[in-house]
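This report concerns only the one structure given below.
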Amino acid sequence: MKSKLINEIIDTFEQFLELEKNLFYKNVNDVLYWHYIRFYFFDEILKVKGWIKKENSYKSMSLPLMFSTGLNIIKNSLLKHWMFDCKKQDILVFNSANRIFYNGKNMDPYTGLMLEKIDHSYTIWQDLFFCKDKFKQQEKGVYYLNSLWPKVLKRLNKQQINNIDDEAVFLTKYFNDEMGVEINTKTISSLIIKASQLVLYYQGPIKKKLQKKQPKLIILVNHYDPLKMLVIQIAKSLGIYVVELQHGIMGRYNIAYNFAHTRELPTLPNEIFTFGEFWNDTTRIKNNSVKLTSVGMPYFEEKIMNINVPVKNDKTKILFLSQETISHQMAQIAFDLAEKVSKDELQIIIKLHPREYENWYKKNNISKVPENVKIYSNCDLYKLLAECDIYVGVYSTTVLESLFFNKSLFVMESYGAHYFLDLLKKKRADFIRDANDIIKLISDKLLYKNTNVELDYYCKNNSIENVRNRIQYLLN
């Protein structure tokens with residue numbers, strides 16, 4: 001695969017890792033702020049280069065959803081505030097914001113099945129959701145973190161703000177000089193302010209709460225959320241072991257899991273439960289004293305064991321796996337494809353990411369969808385994968401999951417395609433830039449079928465048992 005764009009993205013990524021090496025020591029207002037903001041800082045570089053587009057979740061929310069979200073913030077902050085959790089439990093769990101409806105329950109796809117199978121007591125601290133269907137059923141035994149990342153915080157004093165502004169000027173000049181990217185200084189000031197407020201005003205309360213609860217183990221889904229970083233740092237100082245569950249694509253080029261240095265950072269978890277050995281082999285975070293243990297994907301394994309593969313019909317179905325940052329480009333290719341092929345030969349389906357359910361049409365300025373294009377939002381993803389013949393994705397975890405269905409996989413040229421260079425090099429996937437590439441691959445019958453894939457290498461079998469055994473070991 002040759003792509004000028006992908007090569008440029010990789011070069012930018014590696015340059016960033018080198019340039020940030022000494023920034024982890026930077027201190028402003030007694031806060032080592034860099035690790036808290038690096039993920040978002042790199043996003044700003046990607047935006048400047050035009051490789052991704054991200055919007056504030058609130059800006060694209062409908063008024064009814066914004067109203068219901070506001071009510072839930074108030075209700076949960078008053079009735080289910082995290083500070084009201086006083087029970088001593090073996091495990092403290094930080095769920096993701098994702099939800100699936102499975103076996104009559106609303107559950108987190110990463111922690112849900114795991115928690116049902118373990119024999120230890122636990123408490124869940126949960127962020128607020130944004131999708132309206134996630135409010136239909138509230139989970140029991142959950143405390144909410146809404147007010148821990150508040151909209152109104154005690155203000156920093158003038159000197160502290162000046163220190164932050166000076167630091168933001170230094171950072172923007174440093175990266176502008178080295179990488180030729182003009183990043184907005186006010187945006188960077190805002191990132192540092194949020195990190196400073198979080199550490200300065202909530203480090204004490206979190207520490208006191210963990211000392212009272214005395215969990216033996218903390219399990220969380222994404223360590224690079226600033227709040228989770230603070231929790232990790234405090235927990236490790238108290239001798240509490242922290243495990244992260246892999247929830248998406250890791251590998252060599254995910255900024256959250258790769259560093260150019262080998263220092264042990266206090267804001268990184270002790271261990272990550274990964275999907276399979278592939279992620280352990282390709283992710284550099286293991287060089288920072290983070291143990292990588294392959295356990296598998298419990299929910300995914302449970303679903304595919306019970307999936308019914310439908311009978312193949314004459315019409316080929318192609319499934320586009322949309323993501324927030326590349327949704328416009330993907331929709332353009334899907335619509336272009338719809339204009340160039342017969343609806344009797346090809347059925348085109350776009351599966352929206354959960355964060356797109358509310359705003360996909362508005363965000364992409366779409367008023368009409370071609371006749372042979374169907375838009376799916378909240379549906380059984382794995383049933384949909386089983387029904388389709390070809391998948392188009394970029395950096396979705398579903399791209400990995402699609403390997404298990406022995407179908408053809410296309411990786412679209414966009415930011416995130418470099419996450420799957422290994423699959424492309426091993427001929428597990430085809431690389432496409434536009435609708436014409438798809439048409440040519442289909443007409444020339446050059447589709448790779450993902451048979452004889454080392455599936456256990458990417459996603460380990462017996463995941464529930466693996467998780468249970470490892471947790472049992474850690475708690476003994």
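Brief remarks on what is shown
- Taking the conditions (1) modelled with pLDDT of 80 or more; (2) touching a Phe, Trp or Tyr at 6+ places or on another chain (Cβ under 6 Å); (3) outside any helix (DSSP H, G or I) in turn, Phe410 satisfies each one other than (2).
Every residue, every condition in (1) open to solvent by less than 40 Å² (accessible area, probe 1.4 Å); (2) at pLDDT below 70; (3) under 28 Å from Ile232 (Cβ atoms), yes or no:
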residue: Lys47; (1), (2), (3): no, no, yes
residue: Gly50; (1), (2), (3): no, no, no
residue: Tyr58; (1), (2), (3): no, yes, yes
residue: Phe67; (1), (2), (3): no, no, no
residue: Gly70; (1), (2), (3): yes, no, no
residue: Lys80; (1), (2), (3): no, no, yes
residue: Asp85; (1), (2), (3): yes, no, yes
residue: Lys88; (1), (2), (3): no, no, yes
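- Pick from the range 281-311, criterion without any contact (Cβ under 8 Å) to a residue 12 or more places away in the chain and out of contact with any helix residue (DSSP H, G or I) (no Cβ under 8 Å at 6 or more places or on another chain), ranking: surrounded by the most Cβ atoms within 10 Å (Cβ to Cβ): Asp281
- Meets criteria (at pLDDT 85 or above and over 28 Å from Asn98 (Cα atoms)) for Leu191: no
- The lone criterion from (1) within 24 Å of Leu227 (Cα to Cα); (2) in contact (Cβ under 8 Å) with a residue 40 or more places away in the chain; (3) touching a Ser or Thr at 6+ places or on another chain (Cβ under 9 Å) left unmet by Leu32 is number (2).
- Residue check: Pro215 meets all listed conditions (1) under 25 Å from Ile91 (Cβ atoms); (2) assigned to a helix (DSSP H, G or I) but one, namely (2).
- Here is the figure for the range 257-304: residues that are within 22 Å of Asn466 (Cα to Cα), at pLDDT 95 or above and basic (Lys, Arg) total 2.
- Looking across the range 352-389, just one residue is of a type in the set (Ser, Thr, Tyr) and loosely packed, with under 14 Cβ neighbours inside 10 Å, and that is Ser367.
- Filter result for Met412 (within 26 Å of Ser443 (Cα to Cα), touching a residue at least 12 places away in the same chain (Cβ under 8 Å) and in contact with a Ser or Thr (Cβ under 6 Å, 6 or more places away or on another chain)): no
The values are calculated or read from the model by the stated rules, or taken from the named source; none is laboratory data. From a predicted model like this one, the values you see are computed outputs, not experimental measurements. Cβ: placed from backbone, ideal geometry, glycine included. Neighbour counts: every protein chain shown. Quick note on the areas: whole protein, heavy atoms, side chains included, nothing else; ligands and nucleic acids left out. Shrake-Rupley method; radii C 1.70, N 1.55, O 1.52, S 1.80 Å.
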